[in-house]
Amino acid sequence: MSAIRVLSSALANQIAAGEVVERPASVLKELLENSLDAGAHKLEIDLDQGGVKRIQVRDDGCGVPREELALALARHATSKIASLEDLEQVATLGFRGEALASIASVSRLQITSRETTGDSGWCLQGEAVEPRPAPHPPGTTISVEDLFYNTPARRKFLRTERTELGHLEEVVRRLALSRFDVDIQVRHNGKPLSSLRPASDDGSRGNRIAAICGSGFLDQSVRLECERAGVMAWGWIGLPTYSRGQPDQQYLYVNGRMVRDRMVSHAVRNAYRDVLYHGRHPAYVLYLEVDPAQVDVNVHPSKQEVRFRESRQVYDFLRHAVEQAIAGVRPAGTMAAPVSMEQGGLQVAEPAPAPRQQPMGFPIAGAGAGYGLQQRAFYDTLQRTPMDAAPLPEDTTGETPPLGFALAQLQGIYILAENANGLVLVDMHAAHERITYERMKKDYADACVVRQPLLVPTHVAVSEREVQAAERHQELLGQLGLSVEPLGPQLLVVREVPALLRHADAEQLVRDVLADLLEHGDSERIEAQVEDLLREIACHGSVRANRQLTIAEMNALLRDMEQTERSGQCNHGRPTWTVLGLQELDALFLRGR
Ligand code: ADP
Ligand code: MG
């Protein structure tokens, strides 16, 4: 080993940059946060080549005095906190004093600024020590060029222009939702990309939400507003009908800071647990206001994590608040009416008890025409003792198939069947999902996914980004059996769906596939993600819990399972069926043989 020495400040900054500057989007986030901290109300963002060539932010904030320009670029130099006490209740987005130093160490950075009271602007270029005069309106412009030009190892991790631009746009969206009062203009390669005007009333705030999340979200969400013991939550909560295949529309702000917080997202997920299918994700734009002293933002250099001092209380508060907001829109029959309960000033909805079981615990499948027959068949089996089991229905070969013959459906979820060994239990949704998925995969591989035109083409209101994704991936969507065309900047029409899925909800299907496409980014990678897409699609085409199947349909499903590869696990790896052998049943009843 060589001798120990102190790192040069340039190298120390580059190392620190590793934590803060991951890609152009992280640079943009830091610049925008600085502008907001400087009190800006107007942001002009210029991006070139996905931000790799240039990221420039101009603001109308308070500006930086000439003599402090060099300090702004120095490490551990900040105007925002001066003491540990300040850190404990920091109200600004920045406080670590290292973003600009880090960014400057891995790019060509230039800062031009004029104080509100100043009569001229000053410009400082990365390595220069003396600012030079430069005309500038009150405010600051920081331009960051050639990101990672001097750190080739990091440059290699940059992706295509489109992907990086996608991340940059996401930063703008998040910020735009955190400050409705700020005017935001974005250009990419010299062309206008988005323009968001300040929104001061509920109507125009709604417009901004619609511009960012799509009008579909706005239409299918409820407003939330709740306060308890100094904690305030407000925002827009997507209805269960607007659930998504990806957690890609979950915007959470704590005291105006965009954060990702496991505890909070868990609390929200929990509030939806009775109303969302497994694997679905809620959409929300949610704001939490907490006493700054109650939350620690200095958890990670990217400042995207927070820690709450009373995290259990915040958890319960949020869960109740969201639960209450969606309580009124729960699907009928799944829950009892919410019980209101005073708790420190907040009306909360208590989770309702699980639906009561029928006396036998076994409601019979197929109410209506086939009811009597199935009921009799079912009670017949119940009356049989394991020892003198009545003969099973037989197929033409005279053998009982491995998964046996259907007896009944349990709680709309499980199929009960009898085979030679005992009782077979099948999770019908999981099993059907697997079968559909395997078929879709095969058809896709053979390039013969059969499409079925919809009798009435379905219109789907989505965000502009999703319309663009649909246009970009026309061909792939076609191969997946979907015919989707843009009708307007935020409107798509679905004309055909895969024939296997003709009963699926076309709108939800298209929303989820688009969310997946956006999540997976550029098209090279999408090829590798086709299986994910097919899995998503299969999930939509598969029988849902609570659909009543006839005995014939159940038997058909059992036979399909026997024919399908990997049918023992659903597409998420959970088992699709299990068997309770006669011996296990005997043991349950302490019955010796
Ligand atoms: P931090 O934001 O944690 O203080 P930064 O490295 O991001 O650290 O910025 C260093 C300092 O530069 C800030 O504390 C602030 O005083 C000044 N600064 C940076 N950007 C701006 C801006 N757009 N307008 C005014 N001052 C700025
Ligand atoms: Mg900062």
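The values are calculated or read from the model by the stated rules, or taken from the named source; none is laboratory data. Here the structure is a predicted model, which is why all the values come from computation and not from measurement. Heads up, the Cβs are rebuilt from the backbone with ideal geometry, glycines too, and the neighbour counts pull from every protein chain shown.
A few notes on this one:
- A Cβ distance below 7 Å, combined with a sequence gap of six or more or placement on separate chains, defines the contacts here; from region 174-185, residues that are surrounded by 20 or more Cβ atoms within 10 Å (Cβ to Cβ) reach residues that are assigned to a helix (DSSP H, G or I) and small (Gly, Ala, Ser) in the pairs ILE184/ALA176.
- Within region 62-76, the set of residues being within 16 Å of ligand 2 (Cβ to nearest atom) and either closer than 19 Å to MET258 by Cβ or free of Cβ contacts under 8 Å to residues at least 12 places away in the same chain (or both) comprises GLU68, LEU71.
A quick yes/no check of all residues on (1) outside any helix (DSSP H, G or I); (2) of a type outside the set (Asp, Glu); (3) more than 10 Å from ligand 2 (Cβ to nearest atom):
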| residue | (1), (2), (3) |
| --- | --- |
| ALA12 | no, yes, yes |
| VAL27 | no, yes, yes |
| LEU31 | no, yes, no |
| ASN34 | no, yes, no |
| LEU43 | yes, yes, yes |
| LEU47 | yes, yes, yes |
| GLY50 | no, yes, yes |
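- Residue match in region 18-25 (condition: closer than 23 Å to ARG187 by Cα and part of a helix (DSSP H, G or I)): yes
- Residue in region 208-217 that is surrounded by fewer than 17 Cβ atoms within 10 Å (Cβ to Cβ) and either free of Cβ contacts under 8 Å to residues at least 60 places away in the same chain or touching a helix residue (DSSP H, G or I) at 6+ places or on another chain (Cβ under 9 Å) (or both) present: no
- Test: LEU43 is more than 9 Å from ligand 1 (Cβ to nearest atom), in contact (Cβ under 8 Å) with a residue 60 or more places away in the chain and within 22 Å of SER26 (Cα to Cα): yes
- Matching entry among LEU239, LEU193, LEU218, LEU224 (being among the aliphatic types (A, V, I, L, M) and within 24 Å of SER26 (Cβ to Cβ)): LEU193
- Consider region 466-490 and keep the residues that are aliphatic (A, V, I, L, M) and buried (at least 16 other Cβ atoms within 10 Å of the Cβ). The one that is farthest from VAL530 (Cα to Cα) is VAL467.
- Residue selected from region 80-94 under the condition assigned to a loop (DSSP other than H, G, I, E, B) and more than 14 Å from ligand 2 (Cβ to nearest atom), by the criterion farthest from LEU36 (Cα to Cα): SER83
Matching residues to (1) free of Cβ contacts under 8 Å to residues at least 24 places away in the same chain; (2) outside any loop (DSSP other than H, G, I, E, B); (3) more than 15 Å from ligand 1 (Cβ to nearest atom); (4) within 19 Å of ASP37 (Cα to Cα):
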{"site": "THR78", "(1), (2), (3), (4)": "yes, no, no, yes"}
{"site": "LEU109", "(1), (2), (3), (4)": "no, yes, no, no"}
{"site": "THR112", "(1), (2), (3), (4)": "no, yes, no, yes"}
{"site": "GLU130", "(1), (2), (3), (4)": "yes, no, yes, no"}
{"site": "ILE142", "(1), (2), (3), (4)": "no, yes, no, yes"}
{"site": "LEU147", "(1), (2), (3), (4)": "no, no, yes, no"}
{"site": "ASN150", "(1), (2), (3), (4)": "no, no, yes, no"}
{"site": "ARG154", "(1), (2), (3), (4)": "no, yes, yes, no"}
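- THR141 meets all of the listed conditions (1) within 16 Å of ligand 2 (Cβ to nearest atom); (2) touching a helix residue (DSSP H, G or I) at 6+ places or on another chain (Cβ under 7 Å); (3) not charged (D, E, K, R) but one, namely (2).
- ARG58 within 8 Å of ligand 1 (Cβ to nearest atom) and either in contact with a strand residue (DSSP E or B) (Cβ under 9 Å, 6 or more places away or on another chain) or within 19 Å of VAL297 (Cα to Cα) (or both): no
- Some residue of region 84-94 being within 13 Å of ligand 1 (Cβ to nearest atom), surrounded by 13 or more Cβ atoms within 10 Å (Cβ to Cβ), at pLDDT below 80 and closer than 28 Å to VAL52 by Cβ: yes
- Within region 119-145, being within 45 Å of the chain's Cα centre (by Cα), acidic (Asp, Glu) and modelled with pLDDT under 95 holds for one residue alone: GLU127.
- Residue in region 398-412 that is among the charged types (D, E, K, R), surrounded by fewer than 19 Cβ atoms within 10 Å (Cβ to Cβ) and at pLDDT below 50 present: no
- Among the residues of region 95-105, some residue qualifies, meaning at least one is within 16 Å of ligand 2 (Cβ to nearest atom), part of a loop (DSSP other than H, G, I, E, B) and not charged (D, E, K, R).
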